[in-house]
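Inspection log for the structure reproduced underneath, given as structure tokens.
The values are calculated or read from the model by the stated rules, or taken from the named source; none is laboratory data. None of these values were measured; they are calculated from a predicted model. Using ideal geometry, Cβ is built from the backbone for each residue, glycine included, and neighbour counts are taken over all protein chains shown. The protein model used for the area step is the full one, side chains on, heavy atoms only, and it has no ligands, DNA or RNA in it. Shrake-Rupley method; radii C 1.70, N 1.55, O 1.52, S 1.80 Å.
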Amino acid sequence: MASQERIVSVLDIGSTRIKVLIASAVGESLDSILGVGTAPCSSLKRGVVVDMEGLTQAIQRARDEAERMSSYTVSSVLVNVGGTHITGLVNRGLVTISRPGREIQRDDVDRVWESARAVLLGPNQEIIHVIPRQYIVDGQEGIKDPLRMSGIRLEFEAFIVTGQATILDNLRRSVTESGLKVERLVVEGLASADAVLSSEEKEIGVACVDIGGDTTDLAIFAGGSLGYVAALPIGGRHITMDLAMMLKTSLNVAEELKIAYGAVDADEAKDFQDSQISYSTASGDGVLSTTKAYISEVVSSRVEEIAEAVKLELVHSGYNNMLPAGLVLTGGTALAARISEKFSQISGLRTRVGQPNIDDVVFSSFRSPSFSTAIGLLELSIHGESSASQKRRRPFRGLSGLFKGLDLFD
Ligand SMILES: Nc1ncnc2c1ncn2[C@@H]1O[C@H](COP(=O)(O)OP(=O)(O)OP(=O)(O)O)[C@@H](O)[C@H]1O
Ligand SMILES: [Mg+2]
């Protein structure tokens, strides 16, 4: 192993699947993915742990598989967290510089961070991220780094992401009991955004929409800064459940039919109107039939509902008219054929499907929206894991994604 090469590991806890990735990094770059392990998981509901024992076991299975493939042992991991308990707000801190010469020093920056962190938290709320938006020195906005500047009044504007403390504790405990150390929690929408958004998109205004199994995670950027996060309690699993109910079949069969024929396009569906398919009943002892067009119609109408819910949330966020770069859909459900057309029609915004940009030919399967969160976590781990335990990190110079030049961790 080259001397500057190091091994990093991440854990993506999804409501349908757990993913563990082990990778090597050289300097600030992901070198190659050495091991991957996945395990089905039904221990979360809407991003919240409902079965700690089940989750711990699923994590162990995914971890064992990744370790066997890579021949490395995982000890600590960056872990994602999702769910509707996650919220974010913009807050400002203020300090005055009273020393002679008024030169802003490191401890002034530390003090203003503390001041911005002082948001009124509910009794069961915990800060997950403090993400800088800008410094303001004597009213001058848009300052990236105030160190060594002269000023009297130093303000710091940050986006603060919080979650419910007990929910976060349960998640951490499930991971710890699987034998892994939680290096840091990262909100799912932010990890995915890091893997799929360009800095240009974040500059002009974009929303990353991660449509997973149980939740749809939203992260909105404008002017290069994070402006809004939210999670909606709806995702691909709801499409499967609806299909299973309509077709009177099992969830497994419905999942297969959804993936095989669930193109989100009514016109395309007409082309195979008469195309009949047979499938087994819920009990498995009978056979039923339907048309591919019908499956496509059911999937299409559920996707429409998700798109409508996202649109409502965009309006609620206040960013709806500030997104010239539109929507970037990711997460496993973004694999549904023609989903971007449907979202574009409903939202009135340009829409593309985003997937991680992975060069590794052997691991080309990671170039899939399903792996956005895991790859985003890897990127974040590579660019900041060494200082993750410090009170506050130095900026990630040279990172191509979301946190470029920002201190992600409080
Ligand atoms: N080709 C496909 N067409 C439609 N849906 C798909 C396709 N492939 C995967 N999916 C759906 O993607 C979903 C899983 O996505 P993902 O792996 O992003 O979820 P997760 O991370 O487990 O869940 P969450 O992020 O909500 O906790 C499942 O509902 C699955 O049915
Ligand atoms: Mg997910």
Restraint check, LYS19/LYS342; LYS45/LYS258; LYS258/LYS342, Cα-Cα greater than 23 Å: LYS19/LYS342
For the chain, with +1 on Lys and Arg beta carbons and -1 on Asp and Glu, the positive-most of ALA307, ILE239, VAL253 along the dipole: ALA307
Crossing angle, helix 236-247 versus the chain [Cα axis fit, 0-90 degrees, rounded to tens]: 20
Cα-based reach from LYS202 at 20 Å (exclusive), listing aspartates and glutamates while leaving out same-chain residues under 8 positions away: GLU141, ASP145, GLU157, GLU188, ASP194, ASP210, ASP217, GLU313, GLU379, ASP407
For segment 87-163: accessible area per residue (Å², 1.4 Å): 50
Peptide ranges 69-75, 244-250 listed from the most packed, as the mean C-beta count within 10 angstrom indicates: 244-250, 69-75
Extreme residue, positive dipole direction of the chain, given options GLY151, LEU377, GLY332 (C-beta unit charges): GLY151
Mean residue ellipticity (222 nm) of the chain, computed from DSSP H runs ≥ 4 via -39,500 (n - 2.57), nearest 500: -10500 deg cm²/dmol
Cα-centre dipole for segment 87-163 with unit charges at Cβ (Lys and Arg positive, Asp and Glu negative), debye to 20: 100
Cβ-Cβ FRET estimate between ILE127 and SER75, R0 fixed at 35 Å, reported to 0.05: 0.85
Contour excess over end-to-end distance, with Cα ends at ASP107 and SER364 and 0.36 nm allotted per residue: 88.0 nm
Among ILE220, GLY205, VAL186 the positive-end extreme of the charge dipole of segment 179-235 (Cβ point charges): VAL186
With every protein chain in place, the chain: carbon and sulfur % of accessible area (1.4 Å): 49
Pair ARG68, ARG172: separation of 7 Å Cα→Cβ label points (nm): 3.2
Mean Cβ count within 10 Å, highest first, over the residues of peptides 137-148, 325-336, 155-166: 325-336, 155-166, 137-148
Nearest-20 debye value, segment 164-218 charge dipole, Cβ charges on Lys, Arg, Asp, Glu: 340
Distance (nanometres) between label positions extended 7 Å along Cα→Cβ at GLU141 and THR87: 2.5
Distance in nm between pseudo-label sites at ALA309 and ILE152 (7 Å out along the Cβ direction from Cα): 5.2
Sorted peptide list for 93-99, 207-213, 280-286, 299-305, criterion being average Cβ within 10 angstrom, highest first: 207-213, 299-305, 93-99, 280-286
Gain in span if fully extended, GLU297 to GLU341, counting 0.36 nm per residue against the direct Cα distance: 14.4 nm
Additional length obtainable on full extension of the chain from GLU53 to ASN321, 0.36 nm per residue less Cα span: 92.0 nm
Net charge dipole size for the chain [Lys, Arg +1 and Asp, Glu -1 on Cβ; Debye, nearest 20]: 840
